[in-house]
Every structure is written in C-alpha cells, then in structure tokens.
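Enquirer: What follows is a single structure, and I will ask about it in a moment.
The values are calculated or read from the model by the stated rules, or taken from the named source; none is laboratory data. All values reported here derive from a predicted model rather than from experimental measurement. For neighbour counting, all protein chains shown are included, and Cβ atoms are generated from backbone atoms with ideal geometry for every residue, glycine included. Only protein heavy atoms, including side chains, enter the accessible area calculation; ligands, DNA and RNA are left aside. Shrake-Rupley method; radii C 1.70, N 1.55, O 1.52, S 1.80 Å.
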Amino acid sequence: MPTHVPDQPDQPDPLARERAHLTSSRSALRAMREDVQSLDIRDVTANWVNAAVLERQIDDRIKALADLSHTPLFFGRLDYLHAPGADKAEGAEGESFYIGRRHVHDADGDPMVIDWRAPVSQPFYRASPKDPMDVGLRRRFGYTGGELTAYEDEHLTEAPAGPAQTSKLLQAEIERPRVGPMRDIVATIQPEQDEIVRADLSGSVCVQGGPGTGKTAVGLHRVAYLLYAHRDRLARTGTLVIGPNKSFLHYIEQVLPALGELDVKQATVDDLVARVEVRATDSAPAAVVKGDARMAEVLRRALRSHVTIPTEPVMVVRGSRRWRIPAYELEEIVQELLNRDIRYGAAHDALPQRIAHTVLVRMEQSGEAPDDRVQDAVARNPAVKAAVKAVWPEVDPAKLVLRLLSDADFLAEHADGILTADEQKTVLAEKPARSVKSAKWSLADAVLIDEAGDLIARTHSLGHVVLDEAQDLSPMQYRAVGRRCSTGSATILGDLAQGTTPWATSSWAEALTHLGKAGAHVEELTAGFRVPREVIAYASRLLPHMSPGLAAVSSVRENPGSLSLRTTDDLDGAAVTACRDSLRHEGSTGLIAADARIPALAEALTAAGLAYLNPGEETTADARLTLVPASLAKGLEYDYVVLDEPAAVVDGEPDERTGLRRLYVALTRAVSGLIINHHAPVPEQLAAPAAA
C-alpha cells in the first residue's frame with residue numbers, strides 16, 4: 001500500500017502534507033511503543049528464566065522504539081514509477097515510501113516509514129539520472145529542531161537542464177555544527193559509502209579513507225545494516241566495534257543506539273587482551289619487537305618445549321589386573337598429538353583419553369567388554385594423571401611470557417634464528433619479576449599473554465568485528481583482533497597517513513595478512529565531506545613526506561577563510577584568544593596541542609575563565625570547548641580547532657615520520673575552521689606545497 005499519495009486535494013501545500021505525515025508517523029510510532037509496553041507476559045513464560053529473558057527483550061524493544069524529538073523520523077521520500085517487485089507494464093501504479101531510521105507502521109500494519117536498511121530504500125542512496133532504479137522522484141527533507149521546515153526534489157527521470165547541482169539540504173546536513181557525541185549519517189550516505197555499508201556479511205572489507213571521508217560512520221552503519229539483514233545469525237555469534245581508546249568509543253557510542261541497535265559491544269584492543277593489570281610502558285624499540293609477528297613463533301616454541309617425550313611405561317591397576325603401556329607406545333601417542341599441531345590445552349585434555357583408549361584395547365584383547373565409563377575412569381587413574389602431568393603439563397600463559405622476558409637463556413633457546421641477539425636484549429626485563437602478580441606488565445606484554453592463551457585454548461570468535469583506526473596496530477595486535485573473528489568477517493577502517501605508532505603498518509596487504517583476512521576487499525574513500533578544502537589541502541602537503549603514494553583527499557566542502565596561521569610570542573595567551581574567537585561561532589571547539597603543552601594551556605584557560613572539557617566528555621550547548629592532547633585527537637571532530645605550536649606536536653614523537661603523521665591528524669580535526677598558533681616556525685614540510 002502506498003505510504004504517500006501526492007496532491008491530496010484537502011492539503012494542496014506539499015510542505016503541509018509532509019508535516020501531516022510526520023505527525024501521523026510520530027503518533028504511529030508512539031502507538032507501537034505503547035503496544036509493547038502493554039504486553040502481559042505472566043501467562044506466556046514457563047519459568048522465571050524465560051520471563052527474565054523476555055522482559056529484557058521487551059525493554060530493548062521499547063528503547064528501540066523511542067521517538068527522539070530532535071532526530072527526524074524520516075529524512076527522505078522515494079516515488080517509485082511502479083510498485084517494487086511488480087510487473088512494470090505501462091499504466092502500473094507506482095508507490096511512495098518515506099525513508100527513515102526505523103520502520104513505522106500504522107494500526108493496520110501498513111508502512112508509514114521504511115527502515116533505511118530495507119532493499120526498497122537502497123535507491124535513496126544509489127539512484128541517479130543515469131540509473132534511476134525505477135524512481136521518478138527523490139525528495140529530501142530539511143529539519144530545524146526536529147520540525148520539518150523544507151524539502152528538495154530531484155526528478156530522476158528528467159534530463160537535467162544543466163550541470164548536476166549539489167543538494168543544498170544534503171550539504172547543510174553534512175555541515176551542520178556538532179555539539180555532543182558523533183551522530184549517524186544515515187541521511188547523507190553517499191553511493192560509494194552505501195556500497196561498503198551493504199557489502200555481504202560473508203566477506204571482509206578494508207576501507208582506506210582520509211580525514212573527513214566518513215570511514216568511521218560507514219563502519220558503524222555497516223554494523224547496523226548487517227544486524228538488520230542477518231539479525232538471527234549475528235544474535236548467535238555476536239558483533240564488536242573496536243576503537244583506539246576510551247575517548248573515541250565514548251564519542252561514537254550513541255550512533256548505533258540512535259539507529260535502534262542496542263546490543264553491539266565496544267572495546268579497545270587493550271580491553272580484549274586484559275588478562276593482566278598493565279602498569280608499565282615499554283620503550284619504543286621494545287614495543288616494536290614485542291609487537292612483531294615473529295614473537296608468535298617464539299611463543300609457540302617456548303610452549304611446546306614443556307612437552308617431554310616419555311621414557312617410562314605407565315602401569316594402570318584396576319582390581320586384580322594390571323595393564324602396562326610401554327614407553328614407545330606413549331611416545332607414539334605424544335608424537336601424533338604434536339604432529340597434529342592442535343592447541344596445547346586440547347592436546348593436554350586428549351592425552352589421558354588416548355592413553356585410556358590404549359588400555360581399553362588391551363582389556364578387549366583379554367576378553368573384557370569395557371564401555372565409555374571404564375575409559376573415563378582409566379583416564380582419571382592416578383598413574384595416567386601422573387604420566388600426563390610429567391609429559392604434557394598445564395602451562396599458564398602469563399607465566400610463560402614472564403619466563404621468556406626474564407630468563408635470557410630460555411629466550412635465547414626459543415628465539416634462536418628468529419630474533420637477533422640485540423632484539424632479545426631489547427625485550428628482556430632489566431629487573432625480572434618474581435611472580436606474575438608482582439610483574440609490571442606493559443600493553444605489548446598483555447598482547448603476548450593473549451597470544452599464548454590462544455595457543456593453549458582457542459579464543460572465541462564473533463560473527464563480525466569492526467576495527468577502527470586499524471593502521472596503528474602492531475602485527476601481534478592484528479593477530480589478537482583476527483582471532484576474535486577467525487570464523488566471522490571484519491570491517492577494517494583506517495588511514496595509512498594517520499599511523500602514529502612506531503609499529504604502524506606500512507600497507508593494508510601486510511595488516512590484513514596478520515589479521516587472517518588476506519582476501520579482504522580493499523576500498524578507498526577519497527571524497528571528503530567534512531574537512532574544508534582549504535584545510536585538507538594544507539594538511540596534505542605532509543603526505544609526500546610521510547606516506548608517499550597515498551592519494552590526497554579531495555574535499556567537496558568549500559569554506560573560504562577556514563584556515564588562519566597566527567605567529568605569536570605568547571602561545572598561552574594566543575590560545576585563549578583563538579578559543580574565544582572560535583566560540584563566537586556555533587558548534588564545538590577543540591584546542592589541540594602536544595601532550596607536554598597541555599598543563600600550561602589548562603592553566604591559561606582556567607586563569608582566563610574559560611571552562612573546558614577533557615576528550616571523551618560530552619560537549620553541550622553550555623560546554624563547547626575541549627582541551628585535547630595530540631595523542632588523543634585521532635577520530636575526533638570539532639567544528640573549530642585551535643592548533644597550538646605544530647613543531648611541538650612533531651617533536652613530541654620518537655621520530656619525524658610519526659611526528660608528521662601526528663600533526664596531520666591534528667590538522668584535520670576541524671570541520672569548519674582551523675586556527676594555527678605558532679612561535680617556532682611551522683615544520684618545513686608545511687611551508688610550501690610539495691613539488692608535483
């Protein structure tokens with residue numbers, strides 16, 4: 001049934017008709033919510049467990065049906081020339097569909113708003129005059145404070161009178177000032193982004209995207225789409241979004257709930273591998289070696305070294321009978337398990353059963369008829385348990401890593417031919433800890449422990465994982481993420497130019513290999529929608545010096561005068577002035593500086609009476625200024641950015657390439673205007689455009 005009938009005689013004003021449909025849709029959504037709230041489950045649940053599960057599902061459904069007053073219920077309309085799926089014979093009646101964040105139906109079950117993820121909604125993002133996809137009209141809606149205030153029509157079957165015009169409503173939505181956490185981009189998804197969002201669940205996708213190309217939003221909307229298209233499967237296997245730090249996760253955490261998806265977990269890589277308390281920081285050289293994929297083989301060797309080839313027989317006593325398994329048969333069993341290369345813990349559990357099976361064969365040969373219960377009893381026999389303990393002992397992953405990093409001889413034995421002598425010396429602890437609890441573990445150590453844990457027992461795999469800011473991970477961190485989706489798929493998001501760790505990957509091919517997703521399809525987003533053209537062009541001067549060959553972002557957003565460089569002898573005072581200037585505009589402001597400069601700037605802002613937030617704290621209409629260490633700026637966006645002393649940002653990193661990449665990140669956080677304050681000369685790589 002059509003969701004909209006054009007040209008109703010009782011409401012000749014199109015805008016009035018659309019407002020009336022919005023009012024009716026909100027009423028229908030409210031009725032849907034009230035229907036769920038009124039459900040009585042007392043007579044439909046068998047026990048309290050079922051009741052608790054059903055109550056939780058109902059609560060989630062009620063939350064998903066919330067009407068967010070400042071969020072448009074629908075943002076577009078499609079007028080199909082023919083009913084989707086119907087015979088397109090001449091004269092067939094078309095249908096109209098309103099496209100929104102979630103499905104809404106009336107009391108008769110007829111749709112009033114169609115979920116943006118539904119197949120019938122796809123032409124809203126993909127249709128064009130060259131391929132109208134059977135759509136005659138695409139209408140976009142403009143809102144102010146939740147009220148429908150404008151609409152804009154695109155007649156896809158009519159030849160354009162001139163050059164294609166950019167939608168003003170679309171541009172206004174993209175450029176709308178930001179206050180609060182990241183919001184969805186469901187109304188502004190571009191065709192190339194939509195292709196990634198709707199890619200099949202069975203395949204992994206890697207998205208290379210420069211600043212402002214929307215790669216993070218694309219990844220989050222892909223999760224929402226996959227949950228819509230494969231809800232039952234992903235409900236069983238699980239989904240996970242992995243971000244670089246807590247501030248970033250807090251910034252994005254409202255996107256999926258706004259789309260009605262409440263059960264997607266979020267974590268950092270550090271959260272995934274949190275088997276021990278992290279209390280230390282490695283030097284850059286040590287972290288690089290510990291994060292190298294070669295460490296996986298060192299760990300494997302060290303773990304397998306605990307297996308001892310048996311030299312003594314096993315004597316199993318049952319009643320008056322004795323059953324002897326000679327050493328050579330035990331050796332065959334152990335060698336067979338080693339050759340299968342199954343996980344250490346699985347082999348440890350299999351060994352007593354294999355020995356018990358050999359005993360049962362002896363029993364059957366002597367005329368007895370033992371069953372599975374007898375085999376289990378033999379596997380628990382003290383002699384068998386003692387043999388297993390001696391041959392294939394249990395190993396604690398943290399103890400294994402502690403010994404490797406504390407015992408030079410043990411490390412040398414198992415890193416021989418893998419790590420050089422200097423590399424071994426680099427990772428050895430200066431003061432070896434006496435126990436796992438007293439050890440001061442680093443983040444890289446935690447990843448090694450996680451790897452060792454997986455060598456012992458298989459890590460649970462999820463159905464789909466989204467990994468954002470993926471360029472910053474070490475090979476061992478990639479492995480840690482990869483085993484969380486070893487039987488599922490992944491969406492990998494990042495920008496090689498923004499790799500700011502000493503171990504940042506140099507290519508996606510290398511990263512995907514470590515992830516175990518070498519066959520992933522790589523997409524590159526080069527159209528920028530957020531960062532002004534003047535700002536991205538200035539920042540892109542750094543690319544040839546830090547990421548040669550990487551395509552610069554081509555911004556579609558013009559904002560003349562969006563870049564300002566100010567030379568000053570008083571950086572603190574200039575920062576206060578620039579922040580005041582930026583706060584005169586609507587939207588958020590971020591003051592970004594080298595980490596070492598943060599205390600001085602915090603003191604200057606406080607003395608000037610300018611209240612500020614820390615990264616991760618939510619901006620509001622009354623608190624729009626955030627003080628951001630350069631190390632935490634990645635992934636965040638502010639309408640206006642004040643960048644303090646670019647040279648200090650570069651100098652704060654261990655090497656020039658990493659410093660220039662950190663600066664590139666800081667330069668590209670602004671979506672409306674950027675003020676650069678500097679006392680020292682700006683880095684020479686920024687002084688003039690790179691030679692063609």
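Enquirer: Going through the cross-link list K215/K634; K290/K431; K399/K431, which pairs have a Cα-Cα distance over 19 Å in this structure?
Expert: Going by Cα-Cα distance, every pair falls inside the 19 Å limit.
Enquirer: Based on Cβ point charges of +1 for Lys and Arg and -1 for Asp and Glu, what charge dipole magnitude is obtained for region 542-692 about its Cα centre, in debye rounded to the nearest 20?
Expert: In debye, rounded to 20, region 542-692 gives about 360.
Enquirer: For the full complex of protein chains and a 1.4 angstrom probe, list R584, R362 by accessible area with the highest value first.
Expert: My answer, sorted largest first, is R584, R362.
Enquirer: Residue separation times 0.36 nm, minus the C-alpha to C-alpha distance between R30 and D570: what's the value?
Expert: Here the answer is 188.8 nm.
Enquirer: Go ahead and run the numbers for FRET between A86 and K246, Cβ-Cβ distance against an R0 of 41 Å, rounding to 0.05.
Expert: Between A86 and K246 the formula returns 0.20.
Enquirer: Based on the mean of other beta carbon atoms within 10 Å per residue, what is the order of 122-132, 505-515, 557-567, 471-481, most packed first?
Expert: 471-481, 505-515, 122-132, 557-567
Enquirer: Got a number for the accessible area of V650? Probe 1.4 Å, square angstrom, nearest 10.
Expert: 20 Å²
Enquirer: Here is a further query. Go through K385, K425, K290 and list them by solvent-accessible area, largest first, probe radius 1.4 Å.
Expert: Accessible-area ranking of K385, K425, K290, largest first: K425, K385, K290.
Enquirer: Over region 589-686, what per residue volume does the convex hull of the Cα atoms give, in whole Å³?
Expert: Here the figure is 94 Å³ per residue.
Enquirer: At 0.36 nm per residue, and after removing the present C-alpha to C-alpha distance, how many nm does the segment from A457 to R19 gain when stretched out fully?
Expert: 151.9 nm
Enquirer: Let me ask you something else. Would you compute, from DSSP H runs of 4+ residues alone, the mean residue ellipticity of the chain at 222 nm, taking -39500 (n - 2.57) per run and dividing by the full residue count, rounded to the nearest 500?
Expert: Computed ellipticity for the chain at 222 nm equals -11500 deg cm²/dmol.
Enquirer: Shifting gears a bit: Out of all DSSP beta bridges in the chain, what portion is antiparallel? Express it as a percent rounded to 5.
Expert: Approximately 35 percent, going by the DSSP bridge assignments.
Enquirer: Between S167 and S507, what is the label-point separation in nm under the 7 Å Cα-to-beta-carbon projection?
Expert: Going by the 7 Å Cα→Cβ label model, 3.9 nm.
Enquirer: Set Lys and Arg Cβ to +1 and Asp and Glu Cβ to -1, take the dipole of the chain about its Cα centre, and tell me which of V531, P654, N50 lies farthest positive.
Expert: In the chain, that residue is N50.
Enquirer: Evaluate E = 1/(1 + (r/R0)^6) for D396 and W48, where r is the Cβ-Cβ distance and R0 equals 56 Å; express this FRET efficiency to the nearest 0.05.
Expert: 0.90
Enquirer: Follow-up. Whole number in Å², please: accessible area per residue of the chain, 1.4 Å probe, ligands, DNA and RNA not counted.
Expert: 46 Å²
Enquirer: Using 0.36 nm times the number of residues separating I58 and M315, minus their current alpha carbon distance, what extension gain do you get?
Expert: Separation in residues times 0.36 nm, less the Cα-Cα distance, equals 86.6 nm.
Enquirer: Roughly what % of Cα-Cα distances in region 269-334 sit above 16 Å, to the whole percent?
Expert: Tail of P(r) above 16 Å: 72 percent of Cα pairs.
Enquirer: Name the residue farthest towards the positive end of the dipole of region 577-692 from the options A593, P629, N677, assuming +1 on Cβ of Lys and Arg, -1 on Cβ of Asp and Glu, about the Cα centre.
Expert: N677
Enquirer: Just name one of P326, V391, L299: the one whose Cα is farthest towards the positive end of the charge dipole of region 299-424 (beta-carbon charges, Lys/Arg +1, Asp/Glu -1).
Expert: Looking along the dipole axis, the top candidate is P326.
Enquirer: Round to a whole number: what % of the accessible area of the chain belongs to carbon and sulfur, probe 1.4 Å?
Expert: Looking at the chain in its full context, I get 51 percent from C and S.
Enquirer: Using 5 Å bins from zero, what percent of all Cα-Cα pairs in region 452-530 falls into each bin?
Expert: That works out to 3, 15, 26, 24, 16, 10, 4, 1, 1, 0, in percent per bin.
Enquirer: With r defined as the distance between the Cβ atoms of A527 and A280 and R0 fixed at 30 Å, what FRET efficiency is calculated, to the nearest 0.05?
Expert: Working from the Cβ atoms, E equals 0.10.
Enquirer: In percent, how large is the relative contact order of the chain, given Cα pairs closer than 8 Å and 6 or more residues apart?
Expert: RCO, the chain: 13 percent.
Enquirer: Does a label point 7 Å from the Cα of R301, set along Cα-to-beta-carbon, have any residues of region 426-461 with amide nitrogen under 19 Å, and which are they?
Expert: Those under the cut-off are 426-429, 448-449, 451-453, 455-456.
Enquirer: Let me ask something else about it. Counting Lys +1, Arg +1, Asp -1, Glu -1, what net charge surrounds Q122 among other residues with beta carbon under 13 Å of its beta carbon?
Expert: Value of the local net charge: -1.
Enquirer: Sorted by accessible area (1.4 Å probe), largest first, how do H357, H105, H678 line up?
Expert: Heavy-atom accessible area, descending, gives H357, H105, H678.
Enquirer: Next question. Any idea what the alpha-carbon Rg over 2.2 N^0.38 Å comes to for region 233-306?
Expert: For region 233-306, the normalised Cα radius of gyration comes out at 1.54.
Enquirer: Debye sum, Cα scatterers, region 514-671, no solvent: what log₁₀ I/I(0) at q = 0.09, 0.11, 0.19, 0.20 1/Å?
Expert: -0.32, -0.47, -1.26, -1.36
Enquirer: Could you state how much accessible area L338 has, in square angstrom rounded to the nearest 10, with a 1.4 Å probe and all protein chains kept in place?
Expert: Accessible surface of L338 is approximately 40 Å².
Enquirer: Another question, if that's okay. What net charge do the residues around P191 carry, taking every other residue with its C-beta under 12 Å from that of P191, with Lys and Arg at +1 and Asp and Glu at -1?
Expert: -1
Enquirer: Work through the residues other than A28 whose Cβ is under 11 Å from its Cβ and net out their charges, Lys, Arg +1 and Asp, Glu -1.
Expert: -3
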